Each structure stands twice: as C-alpha cells, then as structure tokens.
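Undergrad: Before I ask anything, let me first share the structure, which is written out below as structure tokens.
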Ligand code: G3I
C-alpha cells in the first residue's frame, strides 16, 4: 500500500469490509461517498432506528421469491389477516394462534419487529361475535383483547388496539357498529385492557382516510387522541393506513397531519401504505414527510409484490408480480437514504417521549388529591390513580404511594420509587378537574395514596 494516500487506503478497506457485511447490514460504503443503505429496512434503521415493514400472509411463507424479498428488505412485519378476531377466536373462548405464531416466529427469528393487527374492529369478526350486542359483546371484546394480547405479550412492538372506529364523510363522528353500540367508551376500555395484558407493547389507534389534515375524520380522531392523553387513557401511537388512490390522493398537508398528532405526545406510524399505480413521487413524498417528523418511527407497506395486494389490479406496491423492484422502490430507497440520520425519538409505552405539547398558561399553584382504583388478581395488580386539582389550577403533581410494592411498569407518570410525578402532557390540571396515571405490579397492590402535592 506504499505510495497510496492513507485516506484512500482507509476507504478501500471500508469498501471491502462493507461488501463482506452487505448480506447482514444492507449497507455499502463507496470510496469517496457517504454510506448508502441498499435495502429499505437497513436504510430506515439508519434514520433514527426506524423500521420499514410489510404486511405478511402466513400461507406465502413457503414461497421462496416472497421470503427472499421479505428477509432482505423488511425489518418489521404485520400479519395481514392472521391476528384478526375471526382468525384468532373462531369459536367463543377457543383460540387459534397457528398462523399468527408462524409469522411472529419467522419475524423474530431474524430480528424483525412485529406490529399486531388488530384487536378490536367492526370488520372480520367471527360469526358468533358479529351476532352479539350489549354487555355480552362488551365482555367478549374485553376477553378477546386480554387473551390475544396476553398470548403475544413481550413479542409485539405496537398493537393496533382499535381499528377504523370513525365514520367517513363530513360528520366527524364514530362509525356505527355493534361495538360502538355497546357504549362510546368501548375504545378506551379496549386500550386499558390491552395495557394491562401487555404493558410493554405500544398501543395504537389505526384508521384510513385520515391523511388529509383538513378532513373531518382526521380532526375527529385527533380530538379523541387529545382527550385520551388528557385523561390518561393509555395510548402510545396513531396508525395512518395511507391507502392512496385518485379518490384519496397523497395530500400536500400530510406532514402537517403527522406532526400535529405527534405534538399530542404519541408516536405516528404509517401502517398500510399502498398507492394506486405506485406513483413514485407520492411514495417518496410519504417517506420524506415521515422522516421530517421525529416521532414518525416506522412505515409499513401493505404487501410485497403487486400480486400480493388486496387490490392487485391497481399495482400499488414496490415489487412487481415477479418480485422485481419497481420505480417506486427506487424512489422510496432514495428518499430514505436522503434523510438525515437521527437519534431515536419514539416513546416507550406509557411514556410521552419528546415533542409532546406543553401547556403555555402557567396557572396558579394549588392543592390536589389522589384516589386509587385497583384491579387485583391472584399474583398481580393494575392500579389506576386519579389526580384531582383543588380550587385552583395546578401545573404539576407528585403522588406518594408508600405501599406501591413490586411495580413492574408505570404509564403517564414518572416514577421514583413509590413517588409518582406528572409527565409533560398531564401536569396541568384545571381547578376541580382530573387526570389519570397507572402502574402495574406483582403481589398485592395499594388501595390508597398517602398524599398529593401540587406545584
Ligand atoms: O382465506 C380465504 C380463502 O380460504 C377463501 O377461499 C377466500 C374466498 O374469498 O377468502 C379467503 O379469505 C380472504 C382473506 O382476505 C385472505 O385472502 C377474505 O375473503 C378477504 O375478506 C380478506 O381480505 C382482507 C381484508 O382486509 C378483509 O377486510 C385482505 O386480505 C386484507 O388485506 C385487508 O386488510 C385491511 C386491513 O386489515 C385494515 N385496513 C384496510 C385493509 C385493506 O382492506
């Protein structure tokens, strides 16, 4: 190597070493250029630990063209149909996880994340549930969420806890369904139930036609998430399905939609992306917008090849029916590689992470009180604590619970031993109003708090 400049020798060594590692990392280092990832998952991972995922069908895992692309490109998967209610609980209280376990095991064996889809949904209910209503349906839904989230406990990065609960059109209300008719609180009940069953999974609300910030449906979902955050309902993320076509085009305000939700203190994820005719500029626009929002921590396309799509005739995906990369693939990879590497910014479940909005009005310090609602079972418990402001607005609170033993997880609070303080989005509580936080533990839970101090 004598006579060759040191800097060039170093780049050459890097290039050789990187070529050797290509199969593992999907990244090559070219002499004289920055590193450029060569797969979607590797590039997304370099952008703040994001993921790039796909929907997967269990019966296709024996197709080698399919699995070659899957294993090479995608570091997250979503079972396309296998975790839905009709698939996992075909008869009441009789559960079948064979095809969903197959997808989860395949993904986890190669280090990919899993998005769970979907615990509670008006569609694809088994016949026995579709014919139910009222209290029987409410209890069946709670049992379903508990059983399925418990089965996959510790294996799911993010759960679509509730899917497509809002109506289309200009009304901005809930969709009518048998679940909705059990009471307007069915969504928060599903979230609280999921949190208790798998405290380590991020809990998402997921919907379609919520990409355009000006649409009534988008605003309606936004108001629900805002309300949930204010009241301490455990929600960590919002999924934007982003099925785009001429009727639902890529909106110029897409980034505003993502950043507005993120400012509420939730992660945002693009969960079912497909675009009619796979217009490259729309695909790259979606990716660039996600990368511009720190809390947009992952993108999932709804299938691998056009022939795998639920709307195959629209050829909406990144690979053609033979598994060849399309122009849209190149536009997505280029957009990913052009993004700035960023620090991870997503939340852990129950914690707000960065970018949550903070109150601007300082208010007046005053007192507070705390009460505990305990869900105790043999060996463990979930405690939900309600903090209520006294006669004046408070801007922060700390609740002391000396008997909070063996706490394994807490949400919507910062815990220091047996002392629980507000996080950024729930410190301000107006006079007479309340907010909630919670924690989970083993053994016997506390039944009362010893004090609440406000700032
Ligand atoms: O597996 C059976 C097969 O045995 C039978 O012969 C065949 C006859 O129709 O049906 C097959 O099941 C179909 C299943 O897809 C698997 O291909 C169902 O009929 C069909 O309804 C089901 O469609 C799925 C659809 O959700 C159901 O609502 C699509 O694959 C799936 O891509 C789609 O995904 C949804 C998301 O979950 C939620 N957001 C919208 C998205 C697109 O509709």
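Undergrad: Across the range 52-88, what is the total count of residues that are more than 21 Å from the chain's Cα centre (by Cα) and closer than 22 Å to residue 144 by Cα?
TA: Going through the range 52-88 one residue at a time, the tally reaches 3.
Undergrad: Every residue in the range 199-226 that is crowded, with 24+ Cβ neighbours inside 10 Å and in a loop (DSSP other than H, G, I, E, B), please.
TA: 201, 210, 211
Undergrad: If you don't mind, there's one more thing I want to ask. Could you check the range 124-141 and list, in sequence order, the residues that are within 16 Å of the ligand (Cβ to nearest atom) and closer than 22 Å to residue 156 by Cα? Walk me through how you get there before you give the answer.
TA: From the range 124-141, those within 16 Å of the ligand (Cβ to nearest atom) are 124-127, 129-130; that's our starting set.
The answer is 124, 125.
Undergrad: Also: Kindly indicate the residue of the range 60-97 that is within 16 Å of the ligand (Cβ to nearest atom) and without any contact (Cβ under 8 Å) to a residue 12 or more places away in the chain and also nearest to residue 138 (Cα to Cα) among those meeting that condition.
TA: That would be 96.
Undergrad: Which count do you get for residues in the range 132-141 that are surrounded by fewer than 17 Cβ atoms within 10 Å (Cβ to Cβ) and within 12 Å of residue 92 (Cα to Cα)?
TA: Residues in the range 132-141 being surrounded by fewer than 17 Cβ atoms within 10 Å (Cβ to Cβ) and within 12 Å of residue 92 (Cα to Cα): 2 in total.
Undergrad: Regarding the range 432-439, can at least one residue be identified that is modelled with pLDDT under 85, within 14 Å of residue 374 (Cβ to Cβ) and in contact with a helix residue (DSSP H, G or I) (Cβ under 7 Å, 6 or more places away or on another chain)?
TA: yes
The values are calculated or read from the model by the stated rules, or taken from the named source; none is laboratory data. Every value quoted in this text rests on a predicted model; they were computed, and no experiment measured them. Reconstructed Cβ throughout: ideal geometry from the backbone, glycine too, with neighbour counts over all protein chains shown.
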